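The values are calculated or read from the model by the stated rules, or taken from the named source; none is laboratory data. None of these values were measured; they are calculated from a predicted model. Heads up, the Cβs are rebuilt from the backbone with ideal geometry, glycines too, and the neighbour counts pull from every protein chain shown. Remember, those area values only see protein heavy atoms, side chains included, never the ligands or the DNA or RNA. Shrake-Rupley method; radii C 1.70, N 1.55, O 1.52, S 1.80 Å.
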Amino acid sequence: MKVYTRKGDDGTTGLFYGGRTAKDADRPRAYGAVDEAQAALGLVRAVCERPSELDELLVRICHDLYVLMGELATLPENRAKLTAGTTLVTEEMVTALEADIDATSERFAMPTEFVIPGQNEIAARLDVARTVVRRAERDCVVVHVDGSHVLAYLNRLSDLVWTLARWQEGDALASRSAG
């Protein structure tokens, strides 16, 4: 099987469960933004310790983002063909992020002022990833359908990535808050 198909040479792309659309249409823009968020999280993984709790969490999130992209790449009329947790975002996926946020937040004292990114490489990469997730969330609003959990997932994910960055700052966060 070859990577290229030449079908997109006309500026269109295929959608999950059929149909084609312009590559610059709202739907490809939305799942493309999620793809960028996933790549940004991969940049975090490239510098974090392995195996580690952070790496395992990032891998799970990256798998979840494939689910989001599957849902976003599907026309509303084909939504019934999606499989919960595989190609359709579930409420349980959102709830899992909330549990991750709560558990991570217990590992550091919450900052009392604006956070300036760049305390260390992992935290800085997480802060960049958070902004990419926020952009993906904005790009997904236009293709949102009732009953979808994509927006809630991305909203929680950006909160989680922020808390992960603060956790990874470790002592630098504590000393900055004390000063």
If you take the residues in segment 49-87 that are hydroxyl-bearing (Ser, Thr, Tyr) and in contact (Cβ under 8 Å) with a residue 40 or more places away in the chain, which one is least open to solvent (accessible area, probe 1.4 Å)?
THR74
Could you give every pair whose Cβ atoms fall below 9 Å, whose first residue belongs to segment 99-116 and is closer than 15 Å to GLN168 by Cβ and surrounded by 10 or more Cβ atoms within 10 Å (Cβ to Cβ), and whose second residue is modelled with pLDDT under 95 and of a type in the set (Ser, Thr, Tyr), counting only separations of at least 6 or pairs across chains?
ALA109/SER177; PRO111/SER177
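Answer yes or no: is there a residue in segment 22-30 that is more than 21 Å from ARG135 (Cβ to Cβ), of a type in the set (A, V, I, L, M) and touching an Asp or Glu at 6+ places or on another chain (Cβ under 8 Å).
No: segment 22-30 contains no residue that is more than 21 Å from ARG135 (Cβ to Cβ), of a type in the set (A, V, I, L, M) and touching an Asp or Glu at 6+ places or on another chain (Cβ under 8 Å).
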Is it the case that ALA25 is farther than 22 Å from ALA165 by Cβ and touching a strand residue (DSSP E or B) at 6+ places or on another chain (Cβ under 6 Å)?
no
So which residues in segment 132-174 are open to solvent by 60 Å² or more (accessible area, probe 1.4 Å), within 22 Å of ARG107 (Cα to Cα) and among the β-branched types (Val, Ile, Thr), if there are any at all?
none
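Could you count how many residues in segment 20-53 are within 22 Å of ALA136 (Cβ to Cβ) and assigned to a loop (DSSP other than H, G, I, E, B)?
6
Go through segment 1-28 and give me each residue that's among the β-branched types (Val, Ile, Thr) and open to solvent by less than 80 Å² (accessible area, probe 1.4 Å).
THR12, THR13, THR21
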Within segment 88-107, tally of residues that are of a type in the set (Ser, Thr, Tyr) and touching a Ser or Thr at 6+ places or on another chain (Cβ under 7 Å):
2
What pairs come out if I take residues in segment 3-22 that are without any contact (Cβ under 8 Å) to a residue 24 or more places away in the chain and pair them with residues that are β-branched (Val, Ile, Thr) and surrounded by 12 or more Cβ atoms within 10 Å (Cβ to Cβ) whose C-beta lies under 6 Å away, six or more apart or interchain?
ARG20/THR12; ALA22/THR12
